[in-house]
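What follows is a short report on a single structure.
No lab work stands behind these numbers, since they all come straight from the coordinates. Remember, it's a predicted structure, so these values are computed and weren't measured experimentally. Cβ: placed from backbone, ideal geometry, glycine included. Neighbour counts: every protein chain shown.
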Amino acid sequence: MQPGHHPQQPPQIDNNMTMSIVAIFLFWPLAIPAIINASKVNPLLQQGDYAGAQAAATESRKWSKWSLIVGISWYVIVVLCCALGGLTAIMGNNN
């Protein structure tokens with residue numbers, strides 16, 4: 001190694017574990033593959049497989065986003081149905 005030359009740091013890749021864990025509370029069936037992929041990122045980085053780590057992070061992000069979308073949509077639908085059911089009950093009692 002030449003004097004003053006430092007080895008290049010490996011690229012930092014976000015493993016997306018935080019979003020995967022949050023996603024498990026919204027729609028767990030899709031969050032499981034997100035967590036599995038997120039847990040692969042750091043070991044792959046340690047092995048020097050940066051392309052594999054990036055692919056696992058991308059997969060984790062994809063599954064987390066789908067879990068969040070489905071989970072939030074489901075909660076919105078449930079709230080709307082409850083609100084409409086409550087309004088229907090109130091309107092029915094007034095007649």
Run the simple label-point estimate for Ile72 and Leu87 please: 7 Å along Cα→C-beta, distance reported in nm. 2.3 nm
Under 10 Å, Cα contacts only: if you run a Gaussian network model on the chain, which one of Ile36, Ile69, Ile77 comes out with the highest mean-square fluctuation? Ile77
For the chain, modelled as a Gaussian network with Cα springs under 10 Å, which listed residue fluctuates most, Ala57, Ala83, Ala38? Ala83
Once you put a point 7 Å from the Cα of Lys65 and another 7 Å from the Cα of Ile36, both along the Cβ direction, what distance in nm separates them? 2.1 nm
